[in-house]
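Presented below is the structure to which this report refers.
We did not get these values from a lab; they are worked out from the coordinates using the rules stated. Because the structure is predicted, anything quoted here is derived from the model rather than measured. Reconstructed Cβ throughout: ideal geometry from the backbone, glycine too, with neighbour counts over all protein chains shown.
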Amino acid sequence: MSYLIAIEESGSFNAAAEECAVTQSTLSAGIKELEEGLQRPLVIRNRKKAALTPFGAEVAEQARQILDKTDLIVKRSKILETPLSGPLRLGIIPTIAPYLLPDLLPKLANEYPRMELQLYEDITDRLIEKVEKNKIDLALIAFPYDTPNLTQLILYDEPFYAALSEKHDPDKNSIYIKDLEPDQLLLLEDGHCLRDHALAACELQDVVQKKTFSATSLPTLIQMVRHGYGMTLLPEMACSPETLAPGVKLIPFKDKAPPIRQIGLCWKRGDPRIRDFETLASAIK
């Protein structure tokens, strides 16, 4: 295609060969191969000049567009040699996203300016399904969670704190798991893995709450606790002064093995971008 364009622009096999830095016989052989492949003549040949047939001119015009796009692909490939360059589709669960992203996003933008981050916030089940169907590249979730077709990379352990209204028990400064009262424990509604992790970490059976409402988000849960509807378990990232409502008291667990959840990434097995995923993991940690 490059040979054909050079002939059109120079009007000569000899000049076109010089421009393409090949011998005239090599250029002629390339044009002949192209004509045989298309089964149509592309060049009108004579001793001194060469011109394209009408179909040859059409091919040359399309060839310019193809070569331009090919050049972009090559340049794009070179850019992507840099870690965390190009598009990255990251899923993240609602009990992590609002607490981690305000610190993480500026860091990523500063250290990896070529990354084109696309965020998808959803509950764990649906994020896992999206990874398996190649709708997103990887997911930041809480473990333990069964992901049989995905690679898991645990980043760190995150402790839970008991949270209750300051008016509930102002003198209480620590607690044991055995002291939790299931009928007073407020949790997120079914479908949120934080509910399952809290129950499992505290070795509790699923709580049948007597309340007529359920919380769909941690901010709502915190407000319910603040107004004395019960107590809950909060992951450490939700316990900063910026996110915790006034009037809510945090109490650490005194157990030798306090309740925790694990924060980690998961992606499809065999994905060749493991270097990028591990680089993202380091940034999160």
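May I ask you to evaluate 6.51 cos²θ - 1.76 cosθ + 1.60, the Karplus curve with θ = phi - 60°, for each residue of the range 90-101 and list the ³J(HN,Hα) values in order in whole Hz, giving x for glycine and proline?
Working through the residues one at a time gives 10, x, 8, 7, x, 8, 10, 3, x, 9, 8, 4 Hz.
Using 0.36 nm per residue of separation minus the Cα-Cα distance, give me the extension gain between Ser77 and Asp271 in nm, one decimal.
68.1 nm
Return the inverse of the average 1/r over all pairs of distinct C-alpha atoms in the range 89-194, which is the Kirkwood hydrodynamic radius, in Å to one decimal.
That comes to 16.6 Å for the range 89-194.
Quick query: amide H of Ile260 versus all other amide H atoms, modeled in the peptide plane; which residues come in under 5 Å with a sequence gap of 5 or more or a different chain?
Under 5 Å from the amide H of Ile260 lie the amide H atoms of Phe160, each far enough along the sequence or on another chain.
Please give the net charge around Pro148, taking every other residue with its beta carbon less than 11 angstrom from that of Pro148, where Lys and Arg add +1 and Asp and Glu add -1.
-1
Let's test the formula: R0 of 45 Å, r as the Cβ-Cβ distance of Asp103 and Arg64. What FRET efficiency results, to the nearest 0.05?
Once the sixth-power term is evaluated, E becomes 0.45.
Could you state the per residue volume, in Å³, of the convex hull enclosing the Cα atoms of the chain?
So the per-residue hull volume is 185 Å³.
State, in angstrom, two size descriptors of the range 2-79 derived from its alpha carbons: Rg to one decimal place and Dmax to the nearest whole number.
Here Rg and the maximum Cα pair distance are 13.2, 45 Å.
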